[in-house]
Amino acid sequence: GLITRLRHPVSQDGNCYQWEVEPEELNLGQELGSGQFGLVLEGRWRGRKVAVKMIKEECMSEEEFKEEARVMMKLSHSKLVQLFGICSQHSPMCLLFEFMENGCLSDYLRTRKGRLSPDLMLGMCLDVSEGMAYLESSGFIHRDLAARNCLVSKNNEVKVSDFGMTRFVLDDQYTSSQCSKFPVKWSAPEVIRYCKFSSKSDVWSFGVLMWEVYNEGRLPYENRSNTEVVESLNSGLRLLKPRLAPDAVYLLMEWCWKEKPDDRPTFAQLLHELASLYSL
Ligand SMILES: CNC(=O)Nc1cc(-c2cccc(-n3cnc4cc(C(C)(C)C)ccc4c3=O)c2C)cn(C)c1=O
């Protein structure tokens with residue numbers, strides 16, 4: 001009856017999480033694809049379109065995530081893909097996110113190759129730097145920043161997705177740096193060597209993301225193995241300037257790829273530099 005329905009639903013373990021979503025309020029639609037944690041569907045919730053991630057139990061440490069969910073719900077910025085809530089009253093647990101009409105940035109770049117204006121590419125880098133500067137100011141590390149982990153809205157804004165989520169991945173092929181699925185080509189040297197993640201290692205990844213944007217979604221170090229990439233980085237080699245990148249933008253990429261984390265810019269500095277180039 002009415003009196004038993006708390007203002008906020010109660011989940012299995014009897015706690016009352018304000019981010020628990022009533023399953024009855026959620027309508028599921030067609031498949032959007034599948035990610036590290038399983039299937040992602042389109043959905044409708046409280047009159048808005050959402051993306052619903054159905055979490056496969058063997059893919060995520062769910063208890064750890066539910067603890068972290070309270071922190072992630074508080075991270076809110078126009079250039080971050082918003083987590084609206086979680087539905088953990090039945091299995092599989094599902095996560096509700098703001099829906100991004102134009103899908104992931106890497107696919108977006110590849111399907112529009114040859115039609116991307118320099119201004120649009122700079123705007124994309126600026127969008128990501130805004131979202132990342134907010135995470136940096138909140139002391140929150142992404143750990144897997146790349147074009148594949150950014151999404152594009154219906155008005156072509158780019159937003160950062162799945163920040164911090166690698167901490168809940170159970171597939172250790174993905175999480176340890178010697179293994180095949182580890183994103184070596186986006187990782188700073190200190191991350192590859194001793195898994196030392198920081199906002200400065202996110203800045204390194206952001207440099208590679210800028211390279212992806214100006215190369216219209218091409219993969220970095222395309223025909224080289226992870227081992228060859230590590231060796232070439234150790235000998236001081238870096239990704240070359242994309243043909244479409246202005247010198248000033250390539251200088252920012254090289255700044256992001258300084259060997260020593262402290263020699264790299266902050267996202268606040270990158271945002272400032274990109275915004276001043278954007279207004280030229
Ligand atoms: C057409 N529009 C859309 O498709 N929109 C959307 C597609 C997806 C989507 C669909 C399938 C898979 C994934 N995906 C991709 N990479 C991931 C990476 C990780 C880490 C941990 C490895 C970083 C975790 C989960 C995922 C994941 O679920 C996403 C984000 C999510 N959202 C919010 C959309 O608006």
Complete set of residues in segment 206-225 that are more than 16 Å from the chain's Cα centre (by Cα) and not in a helix (DSSP H, G or I): 215, 216, 218, 219, 220, 221, 222, 223, 224, 225
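Quickly run through segment 84-93 and pick out the residues that are closer than 16 Å to residue 70 by Cα and touching a residue at least 60 places away in the same chain (Cβ under 8 Å). Walk me through it before giving the result.
The first filter runs over segment 84-93 and keeps only residues closer than 16 Å to residue 70 by Cα, leaving 84-88, 93.
Scanning segment 84-93 gives 84, 85, 86, 87, 88.
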Answer yes if at least one residue in segment 89-102 is away from the ligand (no atom under 11 Å from the Cβ) and more than 24 Å from residue 171 (Cα to Cα), and no otherwise. yes
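Taking residue 78, is it closer than 30 Å to residue 280 by Cβ, within 16 Å of the ligand (Cβ to nearest atom), surrounded by 17 or more Cβ atoms within 10 Å (Cβ to Cβ) and of a type in the set (S, T, N, Q)? Step through it out loud before you land on a result.
Numbers: closer than 30 Å to residue 280 by Cβ: yes; within 16 Å of the ligand (Cβ to nearest atom): yes; surrounded by 17 or more Cβ atoms within 10 Å (Cβ to Cβ): no; of a type in the set (S, T, N, Q): yes.
In short, no.
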For segment 153-167, which positions are crowded, with 21+ Cβ neighbours inside 10 Å, of a type outside the set (D, E, K, R) and within 11 Å of the ligand (Cβ to nearest atom)? 160, 161, 163, 165
Do we find a residue being farther than 20 Å from residue 193 by Cα and under 24 Å from the mean Cα position of the chain (by Cα) anywhere in segment 259-266? yes
Does residue 254 meet the test of being part of a helix (DSSP H, G or I), closer than 20 Å to residue 130 by Cα and under 18 Å from the mean Cα position of the chain (by Cα)? no
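Run down 176, 205 and say which single residue is within 16 Å of the ligand (Cβ to nearest atom) and under 30 Å from residue 99 (Cβ atoms).
Every option except 205 fails the conditions.
Conditions (1) closer than 24 Å to residue 107 by Cα; (2) out of contact with any Pro (no Cβ under 9 Å at 6 or more places or on another chain); (3) modelled with pLDDT under 95; (4) of a type outside the set (Phe, Trp, Tyr), marked per residue:
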| residue | (1), (2), (3), (4) |
| --- | --- |
| 158 | yes, yes, no, yes |
| 164 | yes, yes, no, yes |
| 174 | yes, no, yes, no |
| 179 | no, yes, yes, yes |
| 185 | yes, no, no, yes |
| 205 | yes, no, no, yes |
| 215 | yes, no, no, yes |
| 219 | yes, yes, no, yes |
Given the conditions (1) assigned to a helix (DSSP H, G or I); (2) closer than 18 Å to residue 122 by Cβ, every one holds for residue 232 apart from (2)
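Taking the options 31, 58, 64, name whichever one is away from the ligand (no atom under 14 Å from the Cβ) and more than 17 Å from the chain's Cα centre (by Cα). Walk me through it before giving the result.
Values: 31 fails: away from the ligand (no atom under 14 Å from the Cβ); 64 fails: away from the ligand (no atom under 14 Å from the Cβ).
Step by step, each of 31, 58, 64 is checked, and only 58 is away from the ligand (no atom under 14 Å from the Cβ) and more than 17 Å from the chain's Cα centre (by Cα).
The values are calculated or read from the model by the stated rules, or taken from the named source; none is laboratory data. As the structure is a computational prediction, the values presented were derived from the model and not from experiment. All Cβ positions, glycine included, derive from the backbone under ideal geometry; neighbour counts span all protein chains shown.
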